[in-house]
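Beneath this line is the structure, given in structure tokens, with notes to follow.
The values are calculated or read from the model by the stated rules, or taken from the named source; none is laboratory data. Bear in mind the structure is a predicted one, so any value in this text is a computation, not a measurement. Positions of Cβ are generated from backbone atoms using ideal geometry, with glycine treated the same way; all protein chains shown enter the neighbour counts.
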Amino acid sequence: MRISRFAIVCLLTVHPLCAEAAEQNAQLRGSVANSRIQFETTGKGHVAFIGGSITEMNGYRPMVCEFLQKQFPKTEFTFTAAGISSTCSTTGAFRLSSDVLSADPVDLFFVEFAVNDDQDAGHARRECIRGLEGIIRQCRRHNPNMDIIVTYFVNPGMRDLLQQGMVPVSIDAHATVAKHYSIPTIHLAREVAERITAGTLTWKVFGGTHPAPAGNRICADMIQEMLLAAWSDPLPAGAKPAAHSLPDRPIDAGNYGDGRFIDPAKADPADGWKLQVPDWKNLPGGKRSRFTTAPLLCSTQPGAVATLTFSGRAIGVYVLAGPDAGAVEVSVDGGLFHRHDLFHRFSRGLHYPRTVVFDADLESGEHTVRVRISETKNAASKGHAARILQFVAN
């Protein structure tokens, strides 16, 4: 078997003498032995992927699935594809339980949110950390044996920063989380930037933000070669999975490690709100089929109030924000109302899925939130609509 430079990097990064070496593009931290033990000794395996449109598309994900099936031909795999276009790590932390962890325990988990944290959410460093750290902490508590790999894809702005020797905010934040939790990473973004600078790859051949097959193949090969290097020695007789450690001290105490959805049917809607499937046929703007059959908590009436009691220290909404998306005014525990705009720059032509966090730093405990449709709206919006897929809490 040919061992490429990716594999050599992986082998070196676990050696104590290399602890001070520069960060590499395929970085094996900790161990990915548990998934191999599960695949080889039980004949079953659950591999899951979460991310945005790069994960949802026919890209690196099916390539990695094909590699695993060939590597373990006697193993019966379950593959969970939990990519949702436009979503960031914040939404990922809140939907993780329902979309991934509610199924059988996951053995190998791939996480991809660097691009959407950058270009869709426009997150600051704190939000990038809170989202990804929340995902990792939920996973570690749910199944301590789960192996996790975080990938960093790339858009033009991120590529340009890397070529200038700078690190995009989302990648820097995600790398901080990965190091703290000893999570392996695939720095596809830097690999692509380096190849373009060296003249061995063009952005056109790579395929852009949503990579062409050639671009996705680069990522899949990096993952494959890292795993093959980590799994190169024969499996010892009687090998058993070993729990990954979970640091007691998080990077950010406000991380979404208890993130979850709350069914909007649990809210108490006053007049002007209704739990219903919107009349999508007669609503301008693009719609994605995954959302068009679900009942949403809806209102277009300024002044209408919905009330929800919840437990935790953060509250918000996961909404579809279309061309008519309005703004809401939110009061927690009888406090002052604060305005939150639901409209997004991508709302002009699409009923865009996004999470709007109202307050993430409450005292832990029981709270009551009131959500009121605002009289004011974004100047680019054509209405006052709020269409709530889920409340989110942490």
Here, helices (runs of 4 or more DSSP H) confined to the range 109-176 with at least 3 residues that are within 23 Å of Phe77 (Cβ to Cβ) are 125-142
Is it true that Glu225 is in the same structural domain as Phe110 (by TED's automatic domain parsing), under 26 Å from the mean Cα position of the chain (by Cα) and within 25 Å of Val169 (Cα to Cα)? no
Among residues of the range 1-48 being at pLDDT below 50 and within 28 Å of the chain's Cα centre (by Cα), the residue surrounded by the fewest Cβ atoms within 10 Å (Cβ to Cβ) is Ala22
Exactly one of Leu132, Leu96, Leu108 is closer than 18 Å to Asn155 by Cβ and in the same structural domain as Pro156 (by TED's automatic domain parsing), and that residue is Leu132
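For (1) over 13 Å from Phe391 (Cα atoms); (2) free of Cβ contacts under 8 Å to residues at least 24 places away in the same chain, each residue gets a yes or a no:
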{"residue": "Ile251", "(1), (2)": "yes, no"}
{"residue": "Gly254", "(1), (2)": "yes, no"}
{"residue": "Ala267", "(1), (2)": "no, no"}
{"residue": "Gly272", "(1), (2)": "yes, no"}
{"residue": "Val277", "(1), (2)": "yes, yes"}
{"residue": "Pro284", "(1), (2)": "yes, no"}
{"residue": "Arg290", "(1), (2)": "yes, no"}
Within the range 264-286, of all residues that are part of a strand (DSSP E or B) and not basic (Lys, Arg), the one nearest to Arg348 (Cα to Cα) is Gly286
(1) closer than 20 Å to Glu127 by Cβ; (2) in contact with a Lys or Arg (Cβ under 9 Å, 6 or more places away or on another chain); (3) buried (at least 19 other Cβ atoms within 10 Å of the Cβ) all hold for Gly316 apart from (2)
Being part of a helix (DSSP H, G or I) and touching a residue at least 12 places away in the same chain (Cβ under 8 Å) is the requirement here; does Ser347 meet it? yes
Given the conditions (1) more than 25 Å from Lys204 (Cα to Cα); (2) surrounded by 16 or more Cβ atoms within 10 Å (Cβ to Cβ); (3) in contact with a Lys or Arg (Cβ under 7 Å, 6 or more places away or on another chain), every one holds for Ser97 apart from (2)
Note: among Phe79, Phe94, just one is assigned to a strand (DSSP E or B) and modelled with pLDDT of 95 or more, namely Phe79
Considering residues that are hydroxyl-bearing (Ser, Thr, Tyr) and surrounded by fewer than 12 Cβ atoms within 10 Å (Cβ to Cβ), the number found within the range 203-258 is 1
Any chance the range 57-65 includes a residue that's in contact with a Phe, Trp or Tyr (Cβ under 8 Å, 6 or more places away or on another chain) and over 21 Å from Ile218 (Cα atoms)? no
Among the residues of the range 319-351, the number that are within 19 Å of Asp263 (Cβ to Cβ) and either surrounded by fewer than 21 Cβ atoms within 10 Å (Cβ to Cβ) or of a type in the set (Phe, Trp, Tyr) (or both) is 0
The condition from (1) crowded, with 21+ Cβ neighbours inside 10 Å; (2) of a type in the set (Lys, Arg); (3) over 22 Å from the mean Cα position of the chain (by Cα) that Arg354 misses is numbered (3)
Any residue at all in the range 320-328 that is under 17 Å from Arg370 (Cα atoms), touching a Pro at 6+ places or on another chain (Cβ under 9 Å) and not assigned by TED's automatic domain parsing to the domain that holds Ile136?
-> yes
Based on what the data block shows, is Leu336 touching an Asp or Glu at 6+ places or on another chain (Cβ under 9 Å), outside any strand (DSSP E or B), modelled with pLDDT of 95 or more and of a type in the set (A, V, I, L, M)?
no
By my count, helices (runs of 4 or more DSSP H) wholly in the range 186-242 with at least 3 residues that are in contact with a Leu (Cβ under 7 Å, 6 or more places away or on another chain) are 188-198, 213-230
